[in-house]
Structure formats: structure tokens, C-alpha cells
Amino acid sequence: MSAVLEEARATERAARSGRPTSAMLDLALFETRRLLTRIPMLLAFAAYVAWIVWRAPKFEDGFPALQNADRATQSGPLLVGLAVMLCANHAVLRSRRHDTDRHFGVLVLMPWRRTAAHVLSVVPAVLLVAVGVVGQFGWEALRPGAVGTGSVAELVVGPLLVLLFGAIGVLLARLIPSGFAAPLTIVLFFFLFFAGAFPGGTGERGTRWLAPVVDEMGSGSIPSDLMGRPAGWHALYLLGLGLTAGLLAVVAGGGRGWTLRGAVAAALALAITGGVAQTAAMPARTVVARAAATNNPEKQQTCVNRDGSTYCSFPEWQPRTATWASVVRHVQSLAGGKAHTQPVLVRQRIYATDGLASDGAIDPSANPYQVTVGTRWGGNRVPEFSAAVSSVLVTGSEKATGAMCDGRMVTVMWLALSWQPDPIQSLRDVRLDDSITGSAIVLSPTDPLQMTAGQTDVVRQLLGKPQESVAAKVKAHWAELTTPKVTSARVAELLGVAGPKEADKCD
């Protein structure tokens, strides 16, 4: 009751001064303070900040592509938006709950202006979320390993969601003056967009873009000019919906006049324009460019020479070439024979035919001493790439690596892992089942490799020995260690560890 009376006094003082606009702004400031200090809002913002702090440091293993980092800012604001909807709805219904509508009825400030004040009270929450989005994206953009280009249109989705939900909360209070309307709307929202009831259709476009957030987190990244996301149209769509909901709330609160009606029509036109444009088919030029990047990446790439080897990547990934070269140097420093100085061609390859949702495998290259690297880096990607480099140095090509089912696998894995800070952990990371015993699939940028249980035992023994002593034996016996059909038992004998109890046999 005290809050209602305080609101009435503040509104009356400004209204008596003959400045209804000032009264509306005073009421908006009052409602803003009330809104931002509500327990649901405080909890929502605390959860949002915690979500950013938890998610940002480990996003894409510290090597983010900014065209992915911008979309990663969109999910967190949903919680804040729903809290704003609930609290804004509750604020509009306050006078009805306390039966004080009649007190407002005698004031100069008209009901539609009070409704507009409630809509404006949502704006500071929108700005706070915008600060959170900038902070989260800036965190990723300032990382030394960051590459790519973010999109402003993707970044504004989070704040626009808060505006939309807040406006819906006010509109619901004017259309359905019941405290159950907002909670039921939240339940409906979760049912539609999280329980899969929304008719999203198939493909990258279509009605799925009518949802508030369209998240397409694939297993990798693609160049920003191949994204094909109608982010700008989606932002326009959300802005139009938010403005339409807010203006309709003012109309439902008694607002009249051609100016207000024209504003509603303009906002609705924005929503319809953005909604229709974002559901259109994928542009043909994007489809063609994706196919070219998948099948003929060399036509879109830039190459640099480092230590005699060549590194070709899409332009946005050029800063990563130095990191790739470091891995190649480490592996070659442990190799013997001509592999110690063999120039390699490291080429970045992607499967972008289906955009961000692409899960197609990259076929191994038959070109001699060509190594494939993907668009992701950090974490497990480092030992995976290291295994790809060492296998090519041992067998001569990625294509030949696929037929490797003998003791050379021991040499490959020791070369790939022994230089890592924690070789045993890297062995776990590079295997599909995260094991360090038994047989397992070894991940690679192209076709995976396969380790038998015996080979795993030999590799684990070698990784437990001093690197220098094993490296000397590897170089001394390089020719035999890399001979096709050499057994794991013979490799173990040459390197001075116990051999496997079973013969090499791959599934």
C-alpha cells in the first residue's frame, strides 16, 4: 500500500506542475527502481552474471571464433527477460491488487501515460543486459586466440529479448488483469521453445526464425561470410515485436490519437518485414560460396611459409598459423630420417555445405605430406592435430594413414603426445572414449585412427620414460619404425619397453 501511495504522490506532484510528460518520466523512474530491486530481478541478474563468468572463460577452449561468440550471448538474457515480464506485469497490477485504482482516477496523469511509464521502466533492464552482452563478447574478443568477426545484429538480440518480454508483461496486465497471466505465458514459452512444440520446420531458414532465439552451435566454425544467418532481419523482427507490444499496451491503457496508431502500424510493419525476410530461402551466392569453401578451399585461402612448411587458411584464421607451426616443429624435432626436415603443407579444410549445422566428415587428402587442420583450436584439438601431423610424417599422406594397422601407430602416437605438457592426459583427450587402456578410436581432423590394446600399453610405457632417451632411439631406428607392417612387438623391442601380449589386429 505504501508503494502505491508513494507512486500516487510522485505522479500527482509532477502532474500538478502542468508537465504530464515529466510526470510520466518521474513515474517511469519510480517504477524502474521498484523493478530493478525486486527479488526475482536481483536473482535473475545474479544468475545472468554467474552464467557469463562460468561460460566465457572456457568458451571454445579459449580460442573463440567471434562469429560464434556473438551468438553465445543470446541465451543468458532469456532468464532476465522472463523475470522482467513477470515483475513488470506485477507492477502494472499493483494498484488493482491493492484496490487503489480510484486514487489514480482523480489524477491529472491519464491512464495511458501511466502505462507508457511502465513500458519505459523496462528500458534500464534492457541497457543492463546490453552491458552484460558487451562484457561477455568483449571478454572473448580480447583473448589472444580470438579470430573471426562478430555481428552487431547478433549482439543486440539479448537486449531486444528483454525489451520484448518486458513489453509483453505490461501488455498482458492491460489485456488480462490477472496475476496468473504472466506465469502461464512463461510456461507456454518454455513449452513452445524448449519442449519442441514450436513448428520450426527443416533447414536453416523458414519458420524456425520466428522463435526469439535461433541458436545453431555446430561442432566447428565457418568463415563469417558463409554464415548465412539473417541476423539483421531477426533483430528488426524482435525490435518490431517489442515496440508493437509496448505501443499496444499503451493503446490498451486508453491511448488514442493518430500519432499513436501510426506508431503501432509502423512497429508492426517492422516486425512483419523482418519476420518475412528472415524466413526467405538461403541466397544462392551463399550456397555457391559454401560449396567452393568445402570442395576447393585453396581458392579462398591465404598461404604463408614458416620454417620451410606452408600454412594455408581462410583469411580470418591467419593468426592461428603460428600456433599450428609450433605443433609441427615439436613433432618434427622428435622425428628421424627425412621426416625431421620434411616440409609439409598444412591446409585448413571445412565442411560448410549445410552451414553451422554441418556434420559431414572431411575426407583425408591423398596429396603427399598435406595435413588437414580445422577451424577449432585449443583443448582436444591440439593433440588431434599433432596426431595428424605425426601420422603424415610417418606414412606420407592422410590417405595412407587410413590403412595403418601395425606398429607404426606406436611411433605416431609417441611423436604426437610426448612433447605435450601432460602426455598421459593428452592420450586421454585424443581418444574417443577418454581412456588410457584398451583399444580405442583416435580422433583426427579427417578419418580417425585406431589403437589396439597392445599399442596403448606400449605408448603408455613410452610416455612414462624420459623424452630424450626415447627420442634418441626413435631417430636411430626411424627407418624400421616407419616400415609398413612392422609389428608393435618389434617397435617395443627397438624402443626398450615391454611388448604387447597380442598381435596387432584392427577391427
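Restricting to DSSP H runs of at least four residues, report the calculated mean residue ellipticity at 222 nm for the chain, -39500 (n - 2.57) per run over all residues, nearest 500 deg cm²/dmol. Working shown, then result.
Values: 24 runs with 282 residues, N = 507.
Helix-only estimate at 222 nm: -17000 deg cm²/dmol.
Computed about its Cα centre, the charge dipole of the chain is approximately 1460 debye, with only Lys, Arg, Asp and Glu carrying charge at their Cβ.
Per residue, how large is the accessible surface of the range 325-436? Use a 1.4 angstrom probe and give square angstrom.
Values: 3750 Å² over 112 residues.
Value for the range 325-436: 33 Å² per residue.
Per residue, the solvent-accessible area of the range 110-165 (1.4 Å probe, heavy atoms of protein chains only, all protein chains present) comes to 38 Å². In whole percents, the pair-distance distribution calculated for the chain from its alpha-carbon pairs, binned every 20 Å from zero, is 20, 38, 25, 13, 3.
Taking every protein chain into account, the accessible area of the range 257-320 amounts to 53 square angstrom per residue (probe 1.4 Å). DSSP finds beta bridges in the chain, and of those with both partners inside it, around 55 percent are antiparallel. Using a simple spin-label model with points 7 Å from Cα along the Cα→Cβ vector, what separation in nm is obtained for VAL213 and THR302? Distance between label points: 3.4 nm.
If you roll a 1.4 angstrom probe over the protein chains with everything in place, what fraction of the accessible area of the range 120-249 belongs to carbon and sulfur, to the nearest %?
Carbon and sulfur atoms account for 75 percent of the accessible area of the range 120-249.
For the range 311-380, the alpha-carbon radius of gyration amounts to 1.24 times the rule-of-thumb value 2.2 N^0.38 Å expected for a compact globular protein.
Relative to the Cα centre, the charge distribution of the range 312-436, modelled as +1 at Lys and Arg Cβ and -1 at Asp and Glu Cβ, gives a dipole magnitude of about 440 debye. Please report, ordered by residue number, every helix of the chain (full DSSP H runs) that is 27 Å or longer along its axis going by C-alpha atoms and whose mean Kyte-Doolittle hydropathy reaches -0.5. Membrane-span-like by this criterion, though nothing is claimed about a membrane: 231-252, 258-278.
If only the Cβ of Lys and Arg carry +1 and only the Cβ of Asp and Glu carry -1, the dipole of the range 129-272 around its Cα centre is close to 500 debye. Available extension along the chain between LEU260 and ASP363 is 31.1 nm, counting 0.36 nm per residue and deducting the alpha carbon span.
Model label points for LEU29 and LEU184, set 7 angstrom from Cα along the Cα-to-Cβ axis, are 3.8 nm apart. Measure up LYS465/LYS485; LYS473/LYS501; LYS58/LYS465 against 29 Å on the Cα-Cα distance and list the ones that go over. Those over the limit are LYS58/LYS465. In this rough spin-label picture, where each label sits 7 Å from Cα along the Cβ direction, the ILE436-ALA284 distance is 5.7 nm.
When the chain is described by a simple charge dipole with +1 on each Lys and Arg Cβ and -1 on each Asp and Glu Cβ, the residue from MET85, ALA284, TRP139 located farthest towards its positive end is MET85. Backbone N atoms of the range 360-384 closer than 17 Å to the 7 Å Cα→Cβ label point of GLN425 belong to residues 378-384.
The values are calculated or read from the model by the stated rules, or taken from the named source; none is laboratory data. Worth saying up front: this structure is predicted, and the values here are computed from it rather than measured. Backbone-built Cβ (ideal geometry, glycine too); neighbour counts: all protein chains shown. These accessible areas exclude ligands, DNA and RNA; they are computed on the full protein's heavy atoms, side chains included. Shrake-Rupley method; radii C 1.70, N 1.55, O 1.52, S 1.80 Å.
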